[in-house]
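Reading through the structure tokens given below for one structure.
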Amino acid sequence: QVRLVERGGGLVEPGGSLRLSCAASGSIVSRATVGWYRQAPGKQREMVALVTSGGTTNYTDSVKGRFTIYRDHARNTLYLQMNSLKPEDTAVYYCYTCWRRDFWGQGTQVTVSS
């Protein structure tokens, strides 16, 4: 069983920054593909950023150049640094990994509003 616990959401003004963290059980952050998805009200959940065990990253087009996904292997923690936030980034953000099956965190709310 894999456990994922997100932290770091909140309310931020447009143009601001937030950093999300995802503490994972075991060494899953180093061994599997891990990443972030988000779901806005009335919309489907979408991939935001992924990183493979080998370090290859993939971002959805709308966040390229603004968001950075990275891992701390020693802490077994995944991060998402979000800069230049826009109102359309408002969503619940979920940590994700696939290790024999999909695992999801409980989600953390990010609200971008003035």
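A few remarks follow.
- Residue within region 63-72 that is on the phi > 0 side of the Ramachandran plot and modelled with pLDDT of 95 or more present: yes
- Scanning region 53-90 for residues that are among the charged types (D, E, K, R), within 14 Å of ARG38 (Cα to Cα) and in contact with an Asp or Glu (Cβ under 9 Å, 6 or more places away or on another chain) returns no hits.
- If the condition is being of a type in the set (S, T, N, Q) and touching a Cys at 6+ places or on another chain (Cβ under 9 Å), then region 22-60 contributes only THR33.
- When the criteria are applied in full, LEU4 fails the requirement of being in contact (Cβ under 8 Å) with a residue 60 or more places away in the chain and open to solvent by 30 Å² or more (accessible area, probe 1.4 Å).
- Tally of residues being in contact (Cβ under 8 Å) with a residue 12 or more places away in the chain, more than 11 Å from GLY9 (Cβ to Cβ) and not acidic (Asp, Glu) across region 71-93: 13
- Scanning region 61-96 for residues that are of a type outside the set (Phe, Trp, Tyr), farther than 18 Å from ALA40 by Cα, in a strand (DSSP E or B) and out of contact with any Cys (no Cβ under 9 Å at 6 or more places or on another chain) gives THR68, ILE69, ARG71, ASP72, GLN81.
- Any hit, region 5-22, residues being closer than 20 Å to GLY105 by Cβ and of a type in the set (S, T, N, Q): yes
- For region 84-101, the tally of residues that are modelled with pLDDT of 95 or more and farther than 20 Å from SER21 by Cβ stands at 3.
- Residue ID - nearest to PRO87 (Cα to Cα), chosen from residues in region 30-52 that are in contact (Cβ under 8 Å) with a residue 60 or more places away in the chain and of a type in the set (A, V, I, L, M, F, W, C): TRP36
- ARG31 being at pLDDT below 95, open to solvent by 30 Å² or more (accessible area, probe 1.4 Å), at negative phi and among the charged types (D, E, K, R): yes
The values are calculated or read from the model by the stated rules, or taken from the named source; none is laboratory data. Please read all numbers here as calculations on a predicted model, not as lab measurements. In this analysis, Cβ positions are derived from the backbone assuming ideal geometry, glycine residues included, and neighbour counts consider all displayed protein chains. In case anyone asks, the SASA skips ligands and DNA or RNA and just uses the protein heavy atoms, side chains included. Shrake-Rupley method; radii C 1.70, N 1.55, O 1.52, S 1.80 Å.
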